[in-house]
1. Could you pull out every one of the helices (runs of 4 or more DSSP H) wholly within segment 253-336 that has 2 or more residues that are within 20 Å of Val375 (Cβ to Cβ) and without any contact (Cβ under 8 Å) to a residue 40 or more places away in the chain?
2. Out of the residues in segment 181-207 that are of a type outside the set (S, T, N, Q) and not in a helix (DSSP H, G or I), state the one that is surrounded by the most Cβ atoms within 10 Å (Cβ to Cβ).
3. What number of residues in segment 93-127 are among the small types (Gly, Ala, Ser) and at pLDDT below 95?
4. Of all residues in segment 124-154, which are not in a helix (DSSP H, G or I) and not acidic (Asp, Glu)?
5. Looking for something free of Cβ contacts under 8 Å to residues at least 60 places away in the same chain, polar (S, T, N, Q) and either under 30 Å from Lys237 (Cα atoms) or surrounded by 23 or more Cβ atoms within 10 Å (Cβ to Cβ) (or both) - is there at least one such residue anywhere in segment 344-352?
6. Working carefully through the options Leu381, Leu397, Leu354, find the one that is assigned to a loop (DSSP other than H, G, I, E, B) and under 22 Å from Arg265 (Cβ atoms).
7. Going residue by residue through segment 128-136, is there one that turns out to be closer than 26 Å to Ile322 by Cβ, surrounded by fewer than 21 Cβ atoms within 10 Å (Cβ to Cβ) and at pLDDT 95 or above?
8. Out of Pro7, Pro63, which single residue is in contact with a strand residue (DSSP E or B) (Cβ under 6 Å, 6 or more places away or on another chain), surrounded by fewer than 21 Cβ atoms within 10 Å (Cβ to Cβ) and free of Cβ contacts under 8 Å to residues at least 60 places away in the same chain?
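The values are calculated or read from the model by the stated rules, or taken from the named source; none is laboratory data. Predicted model only: the values in this text are computed from it and were never measured. Positions of Cβ are backbone-derived with ideal geometry, glycine not excepted, and every protein chain shown enters the neighbour counts.
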Amino acid sequence: MSTLFTPIKIGKMEVKNRFVHSATYEAMALETGEVTDDMIKRYSNLAKGEIGLITPGFMYVQPLGKAFKYQTAIYSDEMITGLRKLVEAVHQEGGKIAFQLVHAGLQTFDAITGQSPLAPSKKIRNPMSLKKPEEMKEEEIQEAIKAFAKAANRAGEAGADAVQFHGAHGFLISEFLSPFFNRRKDSWGGSDENRFRFLKEVFQESRKALPDEMPILIKMNTNDFTPKTGVTPELAKKYAGWLVELGINGVELSCGTHFTFHTTRGEIPADEFLKGAVKLGLPKWMKFLAKLSFKKLAPKCSFEEGYNLAAAKVIKPVLGEIPLMIVGGMRRIKHMEEVLENKFADLISISRPLIREPFLIKKFREGKTEEASCVSCNKCLAAIFNNLPVRCYNDGLPV
């Protein structure tokens, strides 16, 4: 049997195979953040498709940490009933589910939160709106830490099998970790140890709020690809080592922020993307300049198979027995098997191919296909910026 279809333990949680649905913003919640029937149906289908571990789209832990209009909320106990239905639907089909917890930091918009975004530092403008955030005060940092812990507790109350902190893609935890975003000179910045402090305290407070057997995972950047140096593979390796010391149960590697398209390499559907960006707050006069910027980015962000693999080889040795998940350009079953056989990673995380083919993993197991049919057109990404529910839009977005 292929290693891809063998079980693995993540902490005390057993996953039936090595496939992970990487958290994908689905734009399917109510505007107030509650789970919908459409969302439940999506994840029920993915569980039927035999994915071992499903991570739904990121869930915001504070109203000020909301990134998108139809994003799922976990900041209030009122959300638990809907979240429990989501968990039950996945469990009914034999899957495991991890809730990804997030605070948007500077990567949100006044129209979403009703006020200026909060971030570690005020010097870095939101690349989408060009607005500077407010620098977080001590009490706001402490409130955010508590919000993550309370959200983790709600995940446990809803029956989730694990929680994952979103420490990638330029959202708040990622911003604290990054020398590019975090320009503070106090105890929350100025050194690698201080920049790590926010995540450390989020982990420690959340661990207290969760049952001992419930795993805590992290999604973290291997490279920020920001205009000036942020997180690099070597810095990510240092952070990974510290996370192991804290007791992390699993690590997922990704890359990129809203400054580039490195997160989802492939085509850049500029027109569709900018249409949504203007609605979200990009000044109209910037549209032409942004299009030119996309044109320059395109060669650097072209599709590459396993584009986080080189960084994984740097980080994996410090993890020891802690399972490593890798996302980004995983398309061919033979390549995935090689990654596991060479011990570069322990699980394969997939996002875009599962948008196009929810039953892809089952098809792999049954030998009906050797490769995902996703062509990385990234119109699914453009769709969510236009407040459209996630699905394959390879034939084009609705007018």
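1. Hits in segment 253-336: 270-280, 287-297.
2. We begin by selecting, within segment 181-207, every residue of a type outside the set (S, T, N, Q); these are 181, 183-186, 188-190, 192-193, 195-203, 205, 207.
Within this subset, residues satisfying the condition of being not in a helix (DSSP H, G or I) are 181, 183-186, 188-190.
On the way: Phe181: 29, Arg183: 16, Arg184: 18, Lys185: 10, Asp186: 9, Trp188: 19, Gly189: 19, Gly190: 14.
Taking the candidates together, the pick is Phe181.
3. Of all residues in segment 93-127, those among the small types (Gly, Ala, Ser) come to 94-95, 98, 104-105, 111, 114, 116, 119, 121.
From the residues that got through so far, the ones that are at pLDDT below 95 too are 111, 114, 116.
Within segment 93-127, residues that are among the small types (Gly, Ala, Ser) and at pLDDT below 95 number 3.
4. Listed by number, the residues that qualify are Ile124, Arg125, Asn126, Pro127, Met128, Ser129, Leu130, Lys131, Lys132, Pro133, Met136, Lys137.
5. There is no residue in segment 344-352 that is free of Cβ contacts under 8 Å to residues at least 60 places away in the same chain, polar (S, T, N, Q) and either under 30 Å from Lys237 (Cα atoms) or surrounded by 23 or more Cβ atoms within 10 Å (Cβ to Cβ) (or both).
6. Leu397
7. Taking every residue of segment 128-136 in turn, none turns out to be closer than 26 Å to Ile322 by Cβ, surrounded by fewer than 21 Cβ atoms within 10 Å (Cβ to Cβ) and at pLDDT 95 or above.
8. Pro7
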